[in-house]
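Quick notes on the structure that follows.
The values are calculated or read from the model by the stated rules, or taken from the named source; none is laboratory data. Quantities reported herein were computed from a predicted structural model and do not represent experimental measurements. Cβ atoms come from the backbone with ideal geometry, glycine included; neighbour counts cover every protein chain shown. Just so you know, the surface numbers come from the protein's heavy atoms only, side chains and all, with ligands and any DNA or RNA stripped out. Shrake-Rupley method; radii C 1.70, N 1.55, O 1.52, S 1.80 Å.
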Amino acid sequence: YAEAMHNRGIVLQALERFDEALASYDEALRIKPDYAEAMNARGIVLQALKRFDEALTSFDGALRIKPDYVEALNNRGNVLQSLKRFDESLTNFDEALRIQPNYTEALNNRGLTLQALKRLDDALTSFDGALRIKPDYAEVLNNRGNVLKTLNRYDEALTSYDTALRIKPD
C-alpha cells in the first residue's frame with residue numbers, strides 16, 4: 001500500500017526520525033516506482049540529512065515523473081541554494097513561479113537566492129511579491145528586513161522586523 005507507506009514516512013519525518021522516514025519512502029517507491037510525491041518527500045529527508053547529491057537525484061526523479069511539479073522544483077532550488085549553486089537555484093524557482101505565479105514559498109526562496117547573488121533590489125521585489133499574496137508571512141518579513149538593513153534602509157527594516165514579531169512573537 002504505497003500511499004500508506006508514504007503517509008507513514010511523512011509522520012516519521014515530522015518526528016525527525018529521518019532514517020525510518022527514508023525507508024518508508026523507499027518502500028513506497030518500490031511498490032509504486034512512479035510515485036512523484038514519495039520521490040519528492042524522499043528528497044526532503046535526504047536534504048535534512050545533508051545528503052544533497054542524493055536529494056537532487058530524488059527531486060530530478062520526481063520531475064521526470066511530473067515535470068510541472070512546483071514543490072519539487074522549489075525543493076530542488078533549495079538544495080542547489082545549500083550547495084551555493086545560486087544561478088541554478090534561481091532557474092528552479094523561476095520555473096516553479098512560471099507554473100504557479102502565486103507560490104509564496106518559491107518567491108521567498110527566490111528572494112534568498114537573489115540576496116546571495118547580491119541582487120538586493122530584485123530580492124526585495126521577490127519578497128514584496130510574496131507579501132502581496134500572504135501579508136502575514138513572518139519569515140518573508142524577516143528576510144525583507146535583512147535586505148533593507150543591507151541597503152541601509154533601517155526604518156523600513158525595523159518596520160519589517162516589528163511586523164514579523166507581531167505575527168510570530170516567538
Degrees separating the helix 138-150 axis from the principal Cα axis of the chain, which is the longest one | 50
Most to least packed among 154-166, 30-42 [average Cβ atoms within 10 Å] | 30-42, 154-166
Estimated 222 nm signal from helices in the chain, with DSSP H stretches of n ≥ 4 weighted -39500 (n - 2.57), rounded to 500 = -25500 deg cm²/dmol
May I ask you to give the solvent-accessible area per residue for the chain, in square angstrom, as obtained with a 1.4 angstrom probe?
-> 53
Label selected from (i) 1.61; (ii) 1.12; (iii) 2.91, the criterion being Cα Rg over 2.2 N^0.38 Å as computed here = (ii)
What's the lysine pair count for the chain at a Cα cut-off below 21 Å, pairs eight or more apart or interchain?
-> 6
Using Cα atoms only, what is the angle between the long axis of helix 52-65 and the major principal axis of the chain, expressed in degrees (0 to 90) to the nearest 10?
-> 70
Which value, in debye to the nearest 20, describes the size of the charge dipole of the chain about its Cα centre when Lys and Arg Cβ atoms bear +1, Asp and Glu Cβ atoms bear -1, and nothing else is charged?
-> 220
Heavy-atom accessible area of the chain with neighbours in place, 1.4 angstrom probe: carbon+sulfur share in percent works out to 51
Along the dipole axis of the chain (charges at Cβ: +1 for Lys and Arg, -1 for Asp and Glu; origin at the Cα centre), the most positive-end residue among LEU15, LEU97, ILE65 is LEU97
Helix 154-167: inclination vs the chain longest Cα principal axis, degrees, rounded to 10, gives 50
